[in-house]
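Asks: Encoded as structure tokens, here's the structure I'll be asking about.
The values are calculated or read from the model by the stated rules, or taken from the named source; none is laboratory data. Computed from a prediction, not measured in an experiment: that's the story for all the values here. When we count neighbours, we look across all protein chains shown, and the Cβ atoms used for this are built from the backbone with ideal geometry, even at glycine.
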Amino acid sequence: MPPVVDFHIHPLVPGAAKPWIIEWMRETYGEGLEDQLAAFADPDALAGFLRSLGVDYAVILAEDSPATTGTTSNETVAEMCAGRPMFIPFASINPNLLNRPGRELRRLVEAYEFKGLKLYPTYQFFYPNAPEIYPLYAVAEELGLPVMFHTGSSVFRGSRMKYGDPLFFDDVAVDFPDLTIIMAHSGRGFWYDRAFFLTRLHANIHMEISGIPPKRLLEHFPELERVAAKVIWGSDWPGVFNIQAGLDGVRALPLSEDAKAAILGGNAARLLRLPAE
Ligand SMILES: [Zn+2]
């Protein structure tokens, strides 16, 4: 069996998220949330919790979105992941905050051994096919780093959905055929069809399904099995709090066992070049 890989974990470092995000989470998930978040600010506690759910690896995401959600620095993520092989560090670069994003990515990878990059167009305000972003993709392609993008909707204040249209990845996939492109949330909202079509069309485009209730997956993607080799599971914890329900939900879908194993970690393990079990 391939490992189980949670491709979408936001380390909730105290002070990183804007206060109203914590408020939103308290309203959504009730009291007791803070205690859990405080406990999981300790990376070993978070690792133990994930392991107790049967998660073998977790992609830990940095974020640099000061205009919207907040900042979890690359350094913080690197420190969390150092010496903890189950944690896979993904850097984040906000192309509106620096001039030479490609050079910064190279520096980050050399300094901290990041294994991928997460970009947040709807929170960081850029079109994914904008020419000024292309140097970043060139470096990611050269270094073999997968790039995951937030796509589609967000409950978070100030995000601008126009930047989250999967159609922009048609350009990126054509211009960088060896770049691994991962669409977080698979165009959530009204672009599911686009996300699915692009995943079928381009060998280097993948769908990540965090933040979509598993029981809705086959409504949004009736032919999910056909692209199962390019579908990646993630929880989006702690924005989506119940990781166990997410895992159980995918396991309960009427898909082949091979497809489910691929979605829950086999595909991620291949893209991240994780050691074979
Ligand atoms: Zn997320």
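Asks: Can you find a residue that is of a type in the set (A, V, I, L, M, F, W, C), within 16 Å of the ligand (Cβ to nearest atom), in contact with a strand residue (DSSP E or B) (Cβ under 7 Å, 6 or more places away or on another chain) and under 27 Å from VAL13 (Cα atoms) anywhere in segment 211-234? Quick ask: steps written out before the conclusion?
Replies: Kept after step one, since they are of a type in the set (A, V, I, L, M, F, W, C), are these residues of segment 211-234: 212, 217-218, 221, 224, 227-229, 231-233.
Cutting the leftovers down to within 16 Å of the ligand (Cβ to nearest atom) gives us 212, 232-233.
Going one step further and asking which of them are in contact with a strand residue (DSSP E or B) (Cβ under 7 Å, 6 or more places away or on another chain), we end up with 232-233.
This time we only want the ones that are under 27 Å from VAL13 (Cα atoms), so: 232-233.
Yes.
Asks: Still on this structure, please answer the following. Scan segment 106-116 and tell me whether some residue there is of a type outside the set (S, T, N, Q), within 25 Å of GLY158 (Cα to Cα), within 16 Å of the ligand (Cβ to nearest atom) and at pLDDT 95 or above. Break it down into steps so the answer makes sense when it comes.
Replies: Keep residues of segment 106-116 that are of a type outside the set (S, T, N, Q), which gives 106-116.
Narrowing the set further to residues that are within 25 Å of GLY158 (Cα to Cα) leaves none.
Checked against the condition, which is being of a type outside the set (S, T, N, Q), within 25 Å of GLY158 (Cα to Cα), within 16 Å of the ligand (Cβ to nearest atom) and at pLDDT 95 or above, segment 106-116 yields no hits at all.
Asks: Could you check, for segment 115-135, whether at least one of its residues is touching a Cys at 6+ places or on another chain (Cβ under 6 Å) and surrounded by 20 or more Cβ atoms within 10 Å (Cβ to Cβ)? Steps first, please.
Replies: Here is the first cut: in segment 115-135, the residues touching a Cys at 6+ places or on another chain (Cβ under 6 Å) are none.
No: segment 115-135 contains no residue that is touching a Cys at 6+ places or on another chain (Cβ under 6 Å) and surrounded by 20 or more Cβ atoms within 10 Å (Cβ to Cβ).
Asks: Output the residue which, of all residues in segment 152-185 that are among the polar types (S, T, N, Q) and within 22 Å of LEU136 (Cβ to Cβ), is nearest to the ligand (Cβ to nearest atom). Full working, then the answer.
Replies: Going through segment 152-185, the residues among the polar types (S, T, N, Q) turn out to be 153-154, 159, 180.
The next check asks that each one be within 22 Å of LEU136 (Cβ to Cβ); those that pass are 154, 159, 180.
Working: SER154: 9, SER159: 11, THR180: 18 Å.
So, considering only residues that are among the polar types (S, T, N, Q) and within 22 Å of LEU136 (Cβ to Cβ), the one nearest to the ligand (Cβ to nearest atom) is SER154.
Asks: All but one of (1) in contact with a Gly (Cβ under 9 Å, 6 or more places away or on another chain); (2) of a type outside the set (Phe, Trp, Tyr); (3) part of a strand (DSSP E or B); (4) farther than 24 Å from ALA262 by Cα hold for THR71; state the number of the condition that does not hold.
Replies: Evaluating THR71 over (1) in contact with a Gly (Cβ under 9 Å, 6 or more places away or on another chain); (2) of a type outside the set (Phe, Trp, Tyr); (3) part of a strand (DSSP E or B); (4) farther than 24 Å from ALA262 by Cα leaves (1) as the failure.
Asks: Taking the conditions exactly as written (at pLDDT 95 or above, within 16 Å of the ligand (Cβ to nearest atom), of a type outside the set (Phe, Trp, Tyr) and crowded, with 16+ Cβ neighbours inside 10 Å), does LEU61 satisfy them or not?
Replies: Values: at pLDDT 95 or above: yes; within 16 Å of the ligand (Cβ to nearest atom): yes; of a type outside the set (Phe, Trp, Tyr): yes; crowded, with 16+ Cβ neighbours inside 10 Å: yes.
Yes.
Residue by residue, here is whether (1) in a helix (DSSP H, G or I); (2) in contact with a strand residue (DSSP E or B) (Cβ under 9 Å, 6 or more places away or on another chain); (3) free of Cβ contacts under 8 Å to residues at least 12 places away in the same chain holds:
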| position | (1), (2), (3) |
| --- | --- |
| LEU50 | yes, yes, no |
| VAL55 | no, yes, no |
| ALA78 | yes, yes, no |
| PRO95 | no, yes, no |
| TYR134 | yes, no, no |
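Asks: Does GLY54 satisfy being surrounded by fewer than 19 Cβ atoms within 10 Å (Cβ to Cβ), at pLDDT 95 or above and either of a type in the set (Gly, Ala, Ser) or within 27 Å of PHE149 (Cβ to Cβ) (or both)? It would help to see each step written out before you state the result.
Replies: Numbers: surrounded by fewer than 19 Cβ atoms within 10 Å (Cβ to Cβ): yes; at pLDDT 95 or above: yes; either of a type in the set (Gly, Ala, Ser) or within 27 Å of PHE149 (Cβ to Cβ) (or both): yes.
Judged against the criteria, GLY54 is a match.
Asks: Oh, and also: Any residue at all in segment 244-257 that is at positive phi and of a type in the set (Gly, Ala, Ser)?
Replies: First, the residues of segment 244-257 that are at positive phi: none.
Within segment 244-257, none of the residues are at positive phi and of a type in the set (Gly, Ala, Ser).
Asks: Return the pairs, sorted by first residue and then second, in which the second residue is in a helix (DSSP H, G or I) and surrounded by fewer than 16 Cβ atoms within 10 Å (Cβ to Cβ), the first residue lies in segment 24-37 and is free of Cβ contacts under 8 Å to residues at least 12 places away in the same chain, the beta carbons are less than 8 Å apart, and the residues are 6+ apart or on different chains.
Replies: ARG26/GLU34
Asks: Which of the residues that make up segment 104-115 are touching a Pro at 6+ places or on another chain (Cβ under 8 Å) and on the phi < 0 side of the Ramachandran plot? Step through it out loud before you land on a result.
Replies: Applying the first criterion (touching a Pro at 6+ places or on another chain (Cβ under 8 Å)) to segment 104-115 yields 112-115.
TYR112, PHE114, LYS115 - these are the residues of segment 104-115 that are touching a Pro at 6+ places or on another chain (Cβ under 8 Å) and on the phi < 0 side of the Ramachandran plot.
Asks: Any idea which of TRP233, TRP237 is under 14 Å from ALA184 (Cα atoms), of a type in the set (A, V, I, L, M, F, W, C) and modelled with pLDDT of 95 or more? Lay out the reasoning, then the answer.
Replies: Details: TRP237 fails: modelled with pLDDT of 95 or more.
None of the others qualify; the one that does is TRP233.
Asks: A further question follows. Of all residues in segment 186-208 being assigned to a loop (DSSP other than H, G, I, E, B) and more than 16 Å from the ligand (Cβ to nearest atom), which is farthest from GLY266 (Cα to Cα)?
Replies: Within segment 186-208, the first condition is being assigned to a loop (DSSP other than H, G, I, E, B), and the residues that meet it are 188-191, 202-204.
Now drop any that are not more than 16 Å from the ligand (Cβ to nearest atom), which leaves 190-191, 202-204.
Numbers: PHE190: 28, TRP191: 25, HIS202: 20, ALA203: 17, ASN204: 16 Å.
Residue satisfying both the conditions and the ranking: PHE190.
Asks: Output the number of the condition that THR28 fails; it satisfies all remaining conditions of (1) surrounded by fewer than 16 Cβ atoms within 10 Å (Cβ to Cβ); (2) more than 16 Å from the ligand (Cβ to nearest atom).
Replies: (2)
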